[in-house]
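Single-structure report; data block below.
None of the figures in this text is laboratory data; all of them are computed from the coordinates on show. Worth saying up front: this structure is predicted, and the values here are computed from it rather than measured. Cβ: placed from backbone, ideal geometry, glycine included. Neighbour counts: every protein chain shown.
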Amino acid sequence: SVGVCNYGVCHLKEIVENGMPLPSMNQLELSPFNTHGPIVQFCKQNNVLIGCAAWSRLSSADGPVEKWEKLGQLAKAKGVTKAQILVRWALQKGYACAPRSGTKSKLERIAIAENSYGGVVDFLLSGEEMNLLDNLNVDYKSGKLGRKDGWKEEDVKGSDWEPSAC
């Protein structure tokens with residue numbers, strides 16, 4: 001089995017058009033702020049598992065502030081962290097999520113443990129809460145996160161850059 005990262009619909013269709021099997025997994029920068037609707041729909045229709053990574057940078061100064069506040073209000077009401085809400089959202093959507101796991105700091109290791117699978121087993125999000133999160137989508141682009149994840153500087157085209165774009 002092969003997995004890919006940040007493949008858009010056109011990239012996945014290109015695989016099929018060349019007579020190759022689709023990957024088993026497509027890992028995306030997913031959150032309620034960028035749901036990658038068309039990519040997720042294509043993957044689900046073709047039995048490609050959706051994976052997503054940690055979301056620590058979503059709260060940056062350039063982040064979707066008003067939407068982030070709504071997420072914070074939900075977390076406060078549930079008595080959990082915003083990251084825990086995001087992990088629970090991903091799991092309830094059927095995504096495989098991989099919170100960051102390596103650090104030297106004890107405080108960060110504790111936070112990672114709280115914000116991973118084991119830290120979200122004590123609560124569920126209601127249909128209404130999932131709907132609230134699903135409606136936070138603003139197609140928040142990876143370029144705004146300042147993440148390059150192996151991409152060269154010349155590949156990143158500013159704050160509207162999105163590696164899964166075709």
Can you list the HN-Hα couplings for region 46-52, worked out from phi with the Karplus curve (6.51, -1.76, 1.60; θ = phi - 60°), rounded to whole Hz and with x for Gly and Pro?
10, 6, 9, 5, 9, x, 9
Residue by residue through region 20-36, which ³J(HN,Hα) values in whole Hz follow from phi under the Karplus form 6.51 cos²θ - 1.76 cosθ + 1.60 (θ = phi - 60°), with glycine and proline marked x?
9, x, 5, x, 6, 9, 10, 8, 10, 7, 10, 6, x, 7, 8, 8, 6
Taking R0 as 25 Å, what FRET efficiency do you get between SER105 and LEU49 from their Cβ-Cβ distance, rounded to the nearest 0.05?
0.20
With the crude spin-label approximation of a point 7 Å out along Cα→Cβ, what separation in nm comes out for MET130 versus LYS70?
1.7 nm
